[in-house]
Amino acid sequence: MEPDRTAVPPQAATAPGQPDNPKQAGWRSRIATRHVLRWETGLAVVVVAIGVLGVSTSSEFLTSNNIFNLGLQSGEIAIMALPMTLIIISGEIDLSVASIMGMSSALLGYLFGQGWPLPAIFVVIALVGVVAGAINGLLITRLGLPSLAVTIGTLGLYRGVADIVLGPHTISNFPAAYANIGVDAVPHTDLSFSAAVFIVLAVVFGAVLHFTPAGRSIYAMGASPEAAAFAGIRVKRIKTLLYIASGVICSLAGVLLTFRLSTSVNSNGLGLELDVVAVVLLGGVSIFGGRGTIIGVVLGVLAFAGIQNALLLTNFNQEAASIPVGGLLLVSVFVPNVAAFSRRLRDLISRRSRAVPAATGSGHD
Amino acid sequence: MSTTLAPPREPSGAPADVGSRRLTDRVFRVRESGIIAVLALFVLITAVVQPRFVSSSNIQFILVDTAVYALVALGETMVIITRNVDLSVQSVLALSAYLSAGLFGHVHGIPIPVVFLVGLGIGLACGAANGLMVSLGRVPSLVVTLATLYIIQGIDILVVGGNEVVASSLPSGFVAIPNVTIFGIPWLAIAVAAVIGAGAYYLRSFRSGRELYAIGSNPEGAQLAGIPVARRVFTAFTLCGGIAGVGGVLWAAQYQTINSSAGGTNFSLIVIAAVVVGGVAIFGGSGSAVGAAIGALLLGTINVALDVLGISDFWDQAIAGFLLLLAITLDRGISVRLAEALRKRSARDGT
């Protein structure tokens, strides 16, 4: 995905967290404002508010049973959001995630129906995930095609493979030891199996993104692919690896979904790709790339899951949860721009008060 | 059909370079005839294997089936040409389908054109909301329209509740819309083709239409050149919404039983796929409405052709996805070669 998707001038996409000229007066208060204005901080408040609202409207909200359900409902979306975060930060997008999930689910059902042992099936599915991701990655990096278009194509292609493999059949006689993940929590906790997998993977992805040179280079290529390439970062290779990681993780999510529902049909996970993208953007990741954190995405997951769950408990039409989710998404995209706007305003005022035309660092106003 | 594409190392709009313009024209003619060739080949092969495919009833079926997709693809084309995207069309279509068709049950004897106007109005309102946020808020359209997709979908679900519009509540004149034919051609297909023709003419020949291409090729450049970028982008989104609204009414006429899932799960992405298959660049600045319509027709034809050939429906998605990948790969090849040719030519001319 190119960095300039709309007619937004560059400064509108700048992070509120980026420092202005530190020599200017009042920078200390600006740093304080900056932290308050950070989307993650606001989102944490929203998550707490959802929690309070949930507890006050339903005595069931904080019961272990409900916490298990919350993790169960959104676990797979949360898992797929992790590689998506890295891909969006690198300046690309992957709309084929739910189709890879569906393909993995269909293969699991088909091969199981053919009498394959489950461990062998897992290996095959992981390999298919690698291949699916590699096809995305190679088309995007080696042929230079836009990821939005490529992954809409593979969205159809991979879902099509699920259709072809399974046809109209439904496979549902999975062994109880596996299918129980839809009923049982991880021992000694209230976590669903998929929520536990998410937590482990979130730590891994967070560590890679925030504490390794590879992670730093993902930000660099998202902020400016050309500068990153000139700086010696292997942009194409890293992006391809990100897509492969996404393929494998989405295959895993497909397996978890299949066992949770104890059902393999060709439509498993249909339409989830936009939920995954929404969760990531809700977490404050910039669609232009170069900005975002795993913590933010974890909070985004909690907000997304919390809203749906709270509405479920209040007997509200649960599917209408998309209204607050969409509203929050709008807020998430407008808040950083409000900050940028107020910064432009401040610059303008401070420039006037000094009565000297300072060199503008942030383009036209 | 001439379309602008600013090749990377060419000052866009170098005016006096007639030679390169002729070359550009030729290549773009190739680009669109490429899609037509694929469509023709597809029809030919299918017809040879199974002559029933080109029977008039089957062709009518394809045309009616494709009409709504091709229509909404026109609006989406306008938006994508400006280097934006509208993911919310499916929810606009669903909301409009339910509310407009529901009028027949609430207001006895309401004229059909009024219902179309209501659908148009609902769509225009949704599109204007998108357009306002994208153009004035200066925020990425992908995120805004993803959010409005959710919000409008949620509103639709609340409005519909557990109800649905049933076929028996619709007047016969409305239900007959997809079935009326003129000289064997569905009236619906002719109407949609006329709208697409008007849209294509607007994009090609009107100043404000051309400016949409300029905005998509280079947003900042367009702004500096004095093009009212915000207003044009707003208009594109509003029109796109309005078209999706009308599409909703047509959808209701076609499927008659309308609940909150009208349009299906992936309608928006299918429309975008049709647009891209039709040669519209996903990052704006080039492509045509006619190409997008042919893209929609191609995807619709595949659907029916597989059926006729006795290949299971379950191959549809995979083949459509593969075609999309093929289309963007070829498109990329053409634009790379075009840029190269233009560069060579300008080097030879010593400009």
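Between residue B:56 and residue A:200, what FRET efficiency follows from the Cβ-Cβ distance if R0 is 60 Å, with the result rounded to 0.05? If you can, show how the numbers build up before the last one.
Working: r = 60 Å, r/R0 = 1.01.
Calculated value: 0.50.
Lys and Arg at +1, Asp and Glu at -1: add these up for the other residues within a Cβ distance under 12 Å of residue A:182 and post the number. Provide the component values of the computation, followed by the final result.
Details: positive: A:260; negative: A:76, A:184.
So the environment of residue A:182 carries a net charge of -1.
Enter the mean number of other protein chain beta carbons within 10 Å of the beta carbon of each residue in B:148-159, as an integer. Don't skip to the end; give the middle numbers.
Working: counts 3, 5, 14, 9, 3, 6, 10, 4, 3, 7, 6, 1.
Mean partner shielding for this stretch: 6.
How large is the charge dipole for the protein assembly as shown, taken about the Cα centre, if only the Cβ atoms of Lys, Arg (+1) and Asp, Glu (-1) carry charge, to the nearest 20 debye?
On the way: 41 positive and 34 negative charges, 576 e Å.
Roughly 2760 debye, rounded to the nearest 20.
Give me the extension gain from residue B:114 to residue B:182: residue separation times 0.36 nm, minus the current Cα-Cα distance, reported in nm with one decimal. Display every interim value, and only then the final one.
Working: separation 68, 0.36 × 68 = 24.48 nm, distance 2.35 nm.
Extra length from residue B:114 to residue B:182 when fully extended: 22.1 nm.
Take the Cα radius of gyration of segment B:194-309 and divide it by 2.2 N^0.38 Å, with N its residue count; two decimals is plenty.
Numbers: Rg = 16.4 Å, N = 116, 2.2 N^0.38 = 13.4 Å.
Against the empirical 2.2 N^0.38 Å value, I get 1.22 for segment B:194-309.
Based on Cα coordinates alone, diagonalise the gyration tensor for segment B:100-241, multiply each eigenvalue by 5, take square roots, and list the semi-axes in whole Å, largest first. All intermediate terms of the calculation are to be shown ahead of the outcome.
On the way: eigenvalues 233, 104, 23 Å².
Here the semi-axes work out to 34, 23, 11 Å.
May I ask for the angle, rounded to the nearest 10°, between helix B:289-308 and the longest principal axis of chain B, with both axes built from Cα atoms and the value confined to 0 to 90°?
60 degrees
Using the basic label-point model (7 angstrom from Cα toward the beta carbon), what is the residue B:39 to residue A:123 distance in nanometres?
4.9 nm
Please compute the net charge surrounding residue A:150, taking Lys and Arg as +1 and Asp and Glu as -1 over other residues with Cβ under 10 Å from its Cβ.
Its environment carries a net charge of -2.
Report the residue, chosen from B:219, B:178, B:140, that carries the largest GNM mean-square fluctuation when chain B is represented by alpha-carbon nodes joined by springs under 10 Å.
Sorting by GNM fluctuation, first place goes to B:140.
Along the Cα→Cβ direction, 7 angstrom out, place labels at residue B:158 and residue B:175. What is the inter-label distance in nm?
Calculated label separation equals 3.3 nm.
Using a Förster radius of 56 Å, what is the FRET efficiency between residue B:315 and residue A:350 based on their Cβ-Cβ separation? Nearest 0.05, please. It would help to have the intermediate numbers written out before the result.
Working: r = 64 Å, r/R0 = 1.14.
Efficiency at R0 = 56 Å is approximately 0.30.
Which value at 222 nm does chain B reach when only helices count, each DSSP H run of 4 or more adding -39,500 (n - 2.57), with the total divided by all residues and rounded to the nearest 500 deg cm²/dmol? Mind showing how you got there, number by number?
Details: 13 runs with 253 residues, N = 351.
Helix-only estimate at 222 nm: -24500 deg cm²/dmol.
With a Förster radius of 45 Å, plug the Cβ-Cβ distance of residue A:317 and residue B:48 into 1/(1 + (r/R0)^6) and report the FRET value to the nearest 0.05. Walk me through the numbers before you get to the answer.
On the way: r = 52 Å, r/R0 = 1.15.
For R0 = 45 Å, the calculated efficiency reads 0.30.
Specify the residue with the greatest mean-square fluctuation among B:143, B:246, B:68, computed from a Gaussian network of chain B linking alpha-carbon atoms under 10 Å apart.
Maximum among the listed residues: B:143.
Give me the net charge of residue A:196's neighbourhood, meaning all other residues with Cβ under 14 Å from the Cβ of residue A:196; Lys, Arg count +1, Asp, Glu -1.
Numbers: positive: A:260; negative: A:76, A:184, A:190.
It works out to a net charge of -2.
So how far apart, in nm, are the two label points at residue B:336 and residue A:184 if each is 7 Å from Cα heading toward Cβ?
5.4 nm
Which angle from 0 to 90°, rounded to the nearest 10, does the C-alpha axis of helix B:89-106 make with the longest principal axis of chain B?
Approximately 30 degrees, to the nearest 10.
What percentages make up the Cα-Cα pair-distance distribution of chain B when the bins are 20 Å wide from 0?
For chain B, the pair-distance distribution reads 30, 56, 14, 1.
Multiplying the sequence separation of residue B:261 and residue B:220 by 0.36 nm and subtracting their Cα-Cα distance, what value in nm do you get?
On the way: separation 41, 0.36 × 41 = 14.76 nm, distance 3.91 nm.
Difference between extended and current length: 10.8 nm.
So what's segment A:220-285 giving for Rg/Rh, alpha carbon basis, Kirkwood Rh from the mean inverse pair distance?
Rounded to two decimals, Rg over Rh is 1.13.
Provide a whole-number value for the mean count of partner chain Cβ atoms within 10 Å of the Cβ atoms in peptide A:137-145. Intermediate values should be presented prior to the final figure.
On the way: counts 0, 0, 4, 0, 0, 0, 6, 2, 6.
That works out to 2 on average.
What's the Cα-based Rg to Rh of the protein assembly as shown, Rh via Kirkwood? Kindly include the intermediate steps, with their values, before the conclusion.
Details: Rg = 25.7 Å, Rh = 26.7 Å.
Rounded to two decimals, Rg over Rh is 0.96.
Take every Cα pair under 8 Å in chain B that's 6+ residues apart, average their separations, divide by the length, and report that relative contact order as a whole percent.
Working: 554 pairs, mean separation 116.6, N = 351.
After rounding, I find 33 percent.
When Cβ neighbours within 10 Å are restricted to other protein chains, what is their mean count per residue of peptide B:271-284? Walk me through the numbers before you get to the answer.
Working: counts 0, 4, 5, 0, 1, 6, 3, 0, 0, 1, 2, 10, 7, 4.
Across the residues of B:271-284, the mean count of other-chain Cβ atoms within 10 Å is 3.
Helix B:267-277 versus the longest principal axis of chain B: what is the Cα-based angle in degrees, 0 to 90, to the nearest 10?
So the helix axis and the longest Cα principal axis differ by about 30 degrees.
What residue among B:326, B:239, B:132 shows peak mean-square fluctuation when chain B is described by a Gaussian network model with Cα springs under 10 Å?
Most flexible of the set in this elastic network: B:326.
Quick note: the coordinates plus some simple rules give every number you see, no bench work behind them. None of these values were measured; they are calculated from a predicted model. Here Cβ is always computed from backbone atoms with ideal geometry, including for glycine, and neighbour counts include all displayed protein chains.
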